[in-house]
Amino acid sequence: MIDIFDKSLEELKECENTYLSYFTEVTELNDHWLFKDHHIADMYTHNFIYIKEGLNNQDALNLVKGKINDSRDKSFINFLFHPNYHLDWKSFKDIGLEVSFLAYMTIEAEKFKIYKLNEECIVKIAEDEGMLYDGIICDINGDDSDFSFSYRSNIRKKNVFLNHRDRFFYFIAYINNVPVGKCEVFIDGNLLRVESLMVLDSFRGKRIGSNILHAVKEFAIKKNIKTIYLMAEVDDTPKEMYRKMGFDTLGKECWMLRKKENKKL
């Protein structure tokens, strides 16, 4: 069973790297990879250092310290660790890093059961740039972060989506023709990746998210895609919601962030 588990997790990692290849330039070094998005350098999820498996705690800590010292002029630096790592994460917190964990959650499309839907909600897949802007406006309205960053990151994704319509799909939920929720989908072989599922605050608790995921499930089945997966922060409420829907946690990765205002080593 462990061999099957490892193989499945490795397939998800390969899908993640394929997804990132549409946005980032990747440089491979001896014990890590550098991911960089030249179009939006302040986007955490597109600009990070990925630590390959195989380092012990001290070597990993030394690598992280060295990278921090080399990036004093940057507003942030962040790290993603291979899922096989089980290190002393407190030792990284002690040097000023924020430490969190991302869970890989999967479900077989045919087994995905959603019993309650909102009958007023209609979910559509964006067919043109105008519909993409419906989703973008919805996302910006539901984002508490800086408007400039939210707009730039959404436009970056829009341009990639328009150039790769066979791999990227944008699901938008409408009530009375008003966009109230959205999610982004990427397909790679027998895998469907879900990202950025969101619902406007005023429409939460009305099963809009269920409608979106139901539409994603039907899309996966139509495309003969076997597995749906997403990533959720281990300590966040959405992870429990996905678990109740039948998602299983296949593995998790450690994500670390250090902002410029954090204390120096």
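No value in this document is a laboratory result; all are computed from the given coordinates. Small disclaimer: the values here were computed from a predicted structure and weren't measured. Note that we place each Cβ from the backbone using ideal geometry, even for glycine, and neighbour counts take in every protein chain shown.
Does anyone have the angle between helix 2-21 and the longest principal axis of the chain? Alpha-carbon axes, 0 to 90°, nearest 10?
80
Leu117 to Ile95: FRET efficiency via 1/(1 + (r/R0)^6), r the Cβ-Cβ distance, R0 41 Å, to the nearest 0.05? Mind showing how you got there, number by number?
On the way: r = 47 Å, r/R0 = 1.16.
After rounding, the FRET efficiency stands at 0.30.
Under a Cβ-Cβ cut-off of 14 Å, what is the net charge of the residues other than Pro238 that fall near it, where Lys and Arg count +1 and Asp and Glu count -1? Present the calculation step by step, with values, prior to reporting the outcome.
Details: positive: Arg204, Lys239, Arg243, Lys244; negative: Glu195, Glu233, Asp235, Asp236, Glu240.
It works out to a net charge of -1.
If you only keep lysine pairs separated by 8 or more in sequence, or across chains, how many in region 1-131 come under 19 Å at the Cα atoms?
Close lysine pairs under the 19 Å cut-off: 14.
Report, to one decimal in Å, the Kirkwood hydrodynamic radius for region 15-74 based on all distinct Cα pairs. Mind showing how you got there, number by number?
Working: mean 1/r = 0.0799 Å⁻¹.
The answer is 12.5 Å.
Note the angle between two axes, namely the Cα long axis of helix 57-69 and the longest principal axis of the Cα atoms of the chain, as a number of degrees from 0 to 90, rounded to the nearest 10.
Helix 57-69 and the main axis of the chain meet at about 80 degrees.
Against the longest principal axis of the chain, how steep is helix 129-141, in degrees 0 to 90 to the nearest 10, with axes from Cα atoms?
60
For region 108-250, what size does the Cα cloud have along each of its three principal axes, sorted from largest down, in whole Å?
The Cα atoms of region 108-250 stretch 38, 33, 31 Å along the principal axes, largest first.
In debye, nearest 20: dipole of the chain around its Cα centre with unit charges on the Cβ of K, R (+) and D, E (-)?
Working: 38 positive and 43 negative charges, 70 e Å.
About 340 debye.
Once region 170-220 is represented by equal point scatterers at the alpha-carbon sites, with solvent omitted, what log10 I(q)/I(0) does the Debye formula produce at q = 0.31 Å⁻¹?
Debye curve over Cα of region 170-220, log10 I(q)/I(0) at q = 0.31 Å⁻¹: -1.26.
Is it possible to state the helix-based mean residue ellipticity at 222 nm for the chain, with each DSSP H run of 4+ residues giving -39500 (n - 2.57), the sum divided by total residues, to the nearest 500 deg cm²/dmol? What is it? Present the calculation step by step, with values, prior to reporting the outcome.
On the way: 7 runs with 91 residues, N = 265.
Value at 222 nm, helices only, nearest 500: -11000 deg cm²/dmol.
Using 1/(1 + (r/R0)^6) with R0 = 22 angstrom and r between the beta carbons of Asp144 and Asp236, what's the FRET efficiency to the nearest 0.05? Don't jump to the answer; show the numbers that get you there.
Working: r = 15 Å, r/R0 = 0.66.
The calculated FRET efficiency here is 0.90.
How much length would be gained if the chain were fully extended between Asn176 and Asn56, taking 0.36 nm per residue of separation minus their Cα-Cα distance, in nm to one decimal? Working shown, then result.
Working: separation 120, 0.36 × 120 = 43.20 nm, distance 5.56 nm.
This chain segment gains 37.6 nm when fully extended.
Leu29 versus Arg243, label points 7 Å from Cα toward the beta carbon: distance in nm?
Output for this residue pair reads 3.7 nm.
Quick one: length gained pulling Arg72 to Glu218 fully straight, 0.36 nm per residue minus the C-alpha distance?
Details: separation 146, 0.36 × 146 = 52.56 nm, distance 4.76 nm.
47.8 nm is the gain from fully extending Arg72 to Glu218.
Could you tell me the center-to-center distance, by alpha carbons, between region 11-74 and region 119-147 in angstrom?
30
So for the chain, taking the charge dipole from beta-carbon charges (+1 Lys/Arg, -1 Asp/Glu), which of Leu63, Val178, Phe161 sits furthest toward the positive end?
Val178
Using the Cα centre of region 40-123 as the reference point, and only Cβ charges (+1 on K/R, -1 on D/E), how large is the resulting charge dipole? Debye, rounded to the nearest 20.
Values: 10 positive and 12 negative charges, 41 e Å.
The dipole of region 40-123 has a size of about 200 debye.
Calculate the spin-label point distance for Ile125 paired with Lys259, positioning each point 7 Å from the Cα along the beta-carbon direction, and give it in nanometres.
3.8
Treating only the Cβ of Lys, Arg, Asp and Glu as charged (+1, +1, -1, -1), what charge dipole size does region 60-197 show about its Cα centre? Round to the nearest 20 debye. Present the calculation step by step, with values, prior to reporting the outcome.
Details: 18 positive and 21 negative charges, 91 e Å.
Dipole about the Cα centre, nearest 20: 440 debye.
Give, to the nearest whole percent, the P(r) tail of region 125-198 beyond 19 angstrom, counting all Cα pairs.
Numbers: 824 of 2701 pairs.
Of all Cα-Cα pairs in region 125-198, 31 percent lie more than 19 Å apart.
Taking every pair of Cα atoms in the chain, average 1/r, invert it to obtain the Kirkwood radius, and report Rg/Rh to two decimals. Each step should come with its number before you reach the end.
Values: Rg = 19.0 Å, Rh = 19.7 Å.
Radius of gyration relative to Kirkwood radius: 0.97.
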